[in-house]
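Asks: Here it is: the structure, laid out below.
Rule-based calculations on the coordinates, nothing more; no lab input. All of these numbers come straight from a predicted model, not from anything done at the bench. Cβ sites come from the backbone with ideal geometry, for glycine too, and all protein chains shown count toward neighbours.
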Amino acid sequence: MKEKLQAIKEEAIAKIEAAKDLDALNEIKVNMLGKKGELTQVLKGMKDVAPEDRPKVGQMVNDTRFAIEEKLEAVKKDIAKKLREEKMKKEVIDVTLPGTMHMKGHRHPNQIALEELERVFIGMGYEIVEGPEVEYDHYNFELLNIPANHPAKDEQDTFYITKDILLRTQTSPVQARVMETGRMPIRILAPGRVFRSDEVDATHSPSFHQVEGLVVDKNITFADLKGTLEQFAHEFFGPETKIKLRPHHFPFTEPSAEVDVSCFKCGGKGCRMCKGSGWIEILGCGMVHPKVLKDCGIDPEEYSGFAFGIGLERVALLKYEIDDMRLLYENDMRFLKQF
């Protein structure tokens, strides 16, 4: 038995010393010390050993196991050390090399303009409200006094998904949803992306952004609308900016107007920016139509309100003197870095 254990130990140590990697070591461990290993088989033969010799044989088996395990651990540490050294050589860092410059991102010109718009109206007590881009015809048209035969509902202008579901053409549906809740008073700003079937050119896109405002309360007049827009123009374009309201027509407001601001580039004298007129059109507005109030569950005899819609890209183009809307979406870093 002694000679057999000695032979097992020598064989195991020789194999361990010849092992090149951790997988080979694990295989040796299983073959020698596992449930079906050679040393385990010796232990199973203890029943054939004379009772008086079993303690001595048991001690010899344990000594052999300890010697094999000790050698396994020593070689394992040596292999792991060599592997770590090889990895360190491959991952060496030359600290004398210059660092890699990482480009920092920044806000898009559209986002800059939107945040400035929101700042102006939040300062006047407005709440920012958002709504779904995929909208029901009921909110996008019907509640806004746009009947089924209205030209604005022509499929050439609107992206329909089904007969009753579409990509919203304006952010006015958000106003209808807020009015429908019946919570008074209302003073909201609704920014968001809208969609219309337009050809892409310097001033048009099938996807763009609007910022619409709505105020509904008792005794709201057109004078309140004019004062609000003057305050907006002064804060957004400069304190010397003037506004001019021209009569217009929108189905959801009555009376309605389009608003021009005095050219902030030339001060109204006439330049390339304002095409020599001294004025620049920026938005549409008006008093909320009584039918719109009634359809949204608000009593037009008790409440009145005004609404306005601003094209975000339009004011961004004007504010930053950009002459082509497509530049905002082409992701040309030479252009975007300017902001």
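Asks: Given the C-alpha atoms of segment 53-142, compute the convex hull and give its volume per residue in Å³.
Replies: Measuring per residue, one finds 408 Å³ for the Cα hull of segment 53-142.
Asks: Right, next: Taking R0 as 51 Å, what's the FRET efficiency between residue 201 and residue 299 from their Cβ-Cβ distance, rounded to 0.05?
Replies: FRET efficiency, residue 201 to residue 299: 0.70.
Asks: For segment 182-299, what D do you get in µm² per second when you plug the Kirkwood radius from alpha-carbon pairs into Stokes-Einstein at 10 °C and 1.306 mPa s? Provide the component values of the computation, followed by the final result.
Replies: Numbers: Rh = 16.2 Å.
Stokes-Einstein gives a translational diffusion coefficient of 98 µm²/s.
Asks: I'd like the orientation of helix 2-18 relative to the chain: the angle between its Cα long axis and the longest Cα principal axis, in ° from 0 to 90, rounded to 10.
Replies: With both axes taken from Cα atoms, the answer is about 40 degrees.
Asks: Also, quick follow-up: Indicate, rounded to the nearest 5 percent, the antiparallel portion of the DSSP beta bridges found entirely in the chain.
Replies: Numbers: 42 of 44 bridges.
Within the chain, antiparallel bridges account for around 95 percent of the total.
Asks: Tell me the mean residue ellipticity at 222 nm calculated for the chain from its helices only (DSSP H runs of n ≥ 4, each -39500 (n - 2.57), averaged over every residue, nearest 500).
Replies: -12500 deg cm²/dmol
Asks: In debye, nearest 20, what is the charge dipole magnitude of segment 109-336 about its Cα centre with +1 on Lys and Arg Cβ and -1 on Asp and Glu Cβ, if you could check?
Replies: 600
Asks: Here is a follow-up. For the chain, modelled as a Gaussian network with Cα springs under 10 Å, which listed residue fluctuates most, 216, 61, 315?
Replies: Among 216, 61, 315, the largest GNM mean-square fluctuation belongs to 61.
Asks: Oh, and also: Rounded to two decimals, what is Rg over Rh for the chain when you use alpha-carbon atoms and the Kirkwood radius?
Replies: On the Cα set of the chain, Rg over Rh gives 1.50.
Asks: Follow-up. Report, in degrees rounded to the nearest 10, the 0 to 90 angle that the Cα long axis of helix 222-237 makes with the longest principal axis of the chain.
Replies: Helix 222-237 sits at roughly 50 degrees to that axis.
Asks: Rank by packing, highest mean first: peptides 80-92, 282-294, 116-128, with packing defined as the count of other Cβ atoms within 10 Å averaged across residues.
Replies: 282-294, 116-128, 80-92
Asks: Listed here are the pairs 36/56; 242/275; 153/319; 244/275; 244/294; which of them are more than 27 Å apart at the Cα?
Replies: 153/319; 244/294
Asks: Tally Lys/Arg at +1 and Asp/Glu at -1 over every other residue whose Cβ is under 14 Å from the Cβ of residue 76; what's the total?
Replies: 0
Asks: Pairing the Cα long axis of helix 22-33 with the longest principal axis of the chain, what angle in degrees results, from 0 to 90 and rounded to the nearest 10?
Replies: Tilt of helix 22-33: around 40 degrees.
Asks: Further question: Run the reach check for residue 29 against lysines, Cα to Cα strictly under 22 Å, same-chain hits fewer than 8 apart removed. What comes back?
Replies: Answer for residue 29, where 22 Å is the Cα cut-off: 2, 4, 9, 15, 20, 44, 71, 76, 77, 81, 82, listed by chain and number.
Asks: A further question on this structure: Under 5 Å between amide H atoms, partner at least 5 residues away or on a different chain: which partners does residue 158 have, H built in plane at 1.01 Å?
Replies: HN-HN under 5 Å from residue 158: 197.
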